[in-house]
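These notes concern the structure reproduced below.
Only the coordinates and a few stated rules stand behind these numbers; no lab work does. A quick note: this is a predicted structure, and the numbers were derived from the prediction, not measured. Cβ: placed from backbone, ideal geometry, glycine included. Neighbour counts: every protein chain shown.
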Amino acid sequence: MLDRTATIPDRLAMRSGNGLKIGLFGANCSSARSATKVPERWQATWPECLRLAQMADETGIDFMLPIGRWKGYGGDTDFHGATFETVTWATGLLAATKRVTVFGTVHAPLFHPIIAAKEFVTADHVGEGRFGLNLVAGWNEGEFEMFGVQQRDHETRYEFAQEWLDAVKRAWVEPGDFDFAGKFFNLSGVRAFPKPYGGTRPIIMNAGSTPTGQAFALRNCDAFFTATSASRTSMDANAKKVAEIKTQARGFGREISVYTVGLVVCRPSQAEADDYYRHAIIENADWGAVDGMLALKNITPQTVAAEEYAAKRNYFAANAIGGYPFVGTPDRVADELATISKAGMAGIAVSFVNYLNEVPYFADEVLPRLVRLGVRAEH
Ligand SMILES: Cc1cc2nc3c(=O)[nH]c(=O)nc-3n(C[C@H](O)[C@H](O)[C@H](O)COP(=O)(O)O)c2cc1C
């Protein structure tokens, strides 16, 4: 339990001395981070999510990061067709666990900031200081249409997110009533009690990938998630990227932790891991869903040449959806994860084709190796 004077660094430490924090990414969504048709793909039912959070708690996994998703991507499986709303999901999981940090992932334009601030405080009290916020400015047009909300242009989106977050933070700290007069919000006589748990506030992360998104994260957030890069396990490329981000953050007078994402397929032999990865992610890919995601980025057979389209499709399925694939034996997966840590990353959010089937092996075999490699503390 955090004591009443816990600080943001205490919260970022997530109750462990782990140099490399490990989180589970996307467990609130059907199929999680793998657009696959294999029958064992993740269903994301509540009993599964609950069991998984308790498993994370027991094995020393540091955090759970859900995806804010409102509409499936189609395909044979309707990838992400069934999703739990993330703040209510986090609150339920926080009530049932003791040490894991659970994030909510919130699209700023879809939630009133004062309601959101109170929801976050509620989750934070339930979890006794273990709630974290992943703030998303929005990018997926079709999702916004279903709320009747017009997506703003990219720059204005982050201007709006700034004001939204300013309002949330004021609701978290103002000792009495306050007024908020901005470009997007005019709020009078705002009153918000209680404040977040323990006299501090939830940690805040963001994963913008454009310069504007990244600058927003560096100005406002404690943690920044970098998007996928095939060179992720290359120590030099990673170390350079982390150093750049940290230097830029210091330009804003801030310290920031850098995280990344990945997909884990870990098996006793390399051949087994390779075979399963190929079977689940390539041979049984839900290509309709992959096409749907690419179309949202305006990549279609009509907009790019056939050969380029095929290459992008393959790359997207194999590398981009789940992040860098860590495929191999416990030794290899642990080694690659340790490399990320040595490059200066504070942590990684990983997904599995089926978490409940695969996390126990990962926890038994990979986590102790990371302790031996000096990047995590004994659980
Ligand atoms: C780790 C990670 C988690 C993300 N989670 C979500 C999410 O749950 N929902 C969402 O709509 N976008 C999510 N995104 C997308 C980003 O928030 C952001 O919109 C995207 O990277 C585009 O960057 P930009 O806003 O700078 O244009 C995520 C990205 C990453 C790397």
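The residue list 347, 317, 359 was ranked by how far each Cα lies along the charge dipole of segment 288-377 toward its positive end, using unit charges on Cβ atoms, and 347 comes out on top.
Would you work out the charge dipole size for segment 205-318 about its Cα centre, treating the Cβ of every Lys and Arg as +1 and the Cβ of every Asp and Glu as -1, and quote it to the nearest 20 debye?
Details: 12 positive and 12 negative charges, 120 e Å.
So the magnitude is around 580 debye.
For segment 117-211, applying the loop criterion from DSSP together with a ceiling of 12 other beta carbons within 10 Å to the chymotrypsin sites (Phe, Trp or Tyr not before Pro) yields 147.
Would you mind working out the magnitude of the charge dipole of the chain relative to its Cα centre, with +1 at each Lys and Arg C-beta and -1 at each Asp and Glu C-beta, to the nearest 20 Debye? Kindly include the intermediate steps, with their values, before the conclusion.
Values: 39 positive and 43 negative charges, 186 e Å.
For this selection, approximately 900 debye.
If the reach is capped at under 25 angstrom between alpha carbons, list the lysines near residue 183, excluding any in the same chain fewer than eight residues apart. Within the straight-line cut-off, residue 183 pairs with 118, 169. Each stretch of four or more DSSP H residues adds -39500 (n - 2.57); spread over every residue of the chain, this sum gives -12000 deg cm²/dmol at 222 nm. Other residues with beta-carbon under 12 Å from the beta-carbon of residue 344 carry, at +1 per Lys or Arg and -1 per Asp or Glu, a net charge of +2. Look at the dipole of the chain built from charges on Cβ: of 102, 243, 154, the Cα furthest out on the positive end belongs to 243. Which lysines, on any chain, are close to residue 71 with Cα under 21 Å apart, when same-chain ones fewer than 8 places away are left out? Reachable lysines: 37, 297. Let me check against my output: what whole-number percent is the relative contact order of segment 1-107, with C-alpha pairs under 8 Å and at least 6 apart? Here the relative contact order equals 31 percent. From most to least packed by mean Cβ count within 10 Å, the peptides 366-379, 253-266 give 253-266, 366-379.
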